[in-house]
Amino acid sequence: MDADSTRSQLTAALVRVAGGDRAALRLVYQDTSAKLFGVCLRILNDRSEAEDVLQEVYVTVWRKAGSFDPGRASPITWMVAIARNRSIDRLRAGGGRRMEPIESAEDVRDSAPGALELVEAGQEHTRLATCLGELEERHSTAIRSAFLDGATYEELAARMRVPLGTMKSWIRRGLLKLRACLEQ
């Protein structure tokens, strides 16, 4: 299913949710819960807190679906904003932070990479960017979308209007060329 179809389906479901349709809310939940949970978890950094906030998000969607305006934002953007705001509210309320005694600070190690690691990572990033730039544009775009943006092969094939097998071949050939370039 392409992005426009997904957006239209979610918009229609939210309109039905505004009318009190529980089955539509179930559909909205199935289509968006993984992404919204990821937003909550990324902000709160605590699975239990993120699950609690996610529940609050869908209660809010249920109550405020009538205020959703598809002319102002996509359905997922509207719901991500709710999830983000609820997560931030939870952090501000202190629910997402656990206090440790000051004595435990001795045991805390800085997890940030050292200067040498940062330089090496920068060099690897530059090398990867150079090698990606040497690929055919369609191969580079497909690899970036699949591995950096998380798009599925099916989504890429639909987006680039090619058969799925062709997309898989592009990515495979591109990865082989990328590996050869990186090994030089």
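Out of everything in region 131-153 that is loosely packed, with under 14 Cβ neighbours inside 10 Å and assigned to a loop (DSSP other than H, G, I, E, B), what residue ends up being modelled with the lowest pLDDT?
D149
Of the residues L128, L156, L116, only one is modelled with pLDDT under 80 and assigned to a helix (DSSP H, G or I); which?
Values: L128 fails: modelled with pLDDT under 80; L156 fails: modelled with pLDDT under 80.
Every option except L116 fails the conditions.
Given the criterion in contact with a helix residue (DSSP H, G or I) (Cβ under 7 Å, 6 or more places away or on another chain), touching a residue at least 60 places away in the same chain (Cβ under 8 Å) and not β-branched (V, I, T), identify the matching residue among S87, S74.
On the way: S87 fails: touching a residue at least 60 places away in the same chain (Cβ under 8 Å).
Testing whether each residue is in contact with a helix residue (DSSP H, G or I) (Cβ under 7 Å, 6 or more places away or on another chain), touching a residue at least 60 places away in the same chain (Cβ under 8 Å) and not β-branched (V, I, T) leaves just S74.
Inside region 1-95, counting only helices (runs of 4 or more DSSP H) that do not spill past its ends, which hold 3 or more residues that are within 19 Å of the chain's Cα centre (by Cα) and small (G, A, S)? Lay out the reasoning, then the answer.
Working: elements: 3-18, 22-44, 47-64, 75-92.
Qualifying helices (runs of 4 or more DSSP H): 22-44, 75-92.
Output the residue which, of all residues in region 16-37 that are surrounded by fewer than 16 Cβ atoms within 10 Å (Cβ to Cβ) and aliphatic (A, V, I, L, M), is farthest from A157 (Cα to Cα).
If we take residues in region 16-37 being surrounded by fewer than 16 Cβ atoms within 10 Å (Cβ to Cβ) and aliphatic (A, V, I, L, M), then A23 is farthest from A157 (Cα to Cα).
The values are calculated or read from the model by the stated rules, or taken from the named source; none is laboratory data. Because the structure is predicted, anything quoted here is derived from the model rather than measured. Note that each Cβ is placed from the backbone with ideal geometry, even for glycine, and that neighbours are counted across all protein chains shown.
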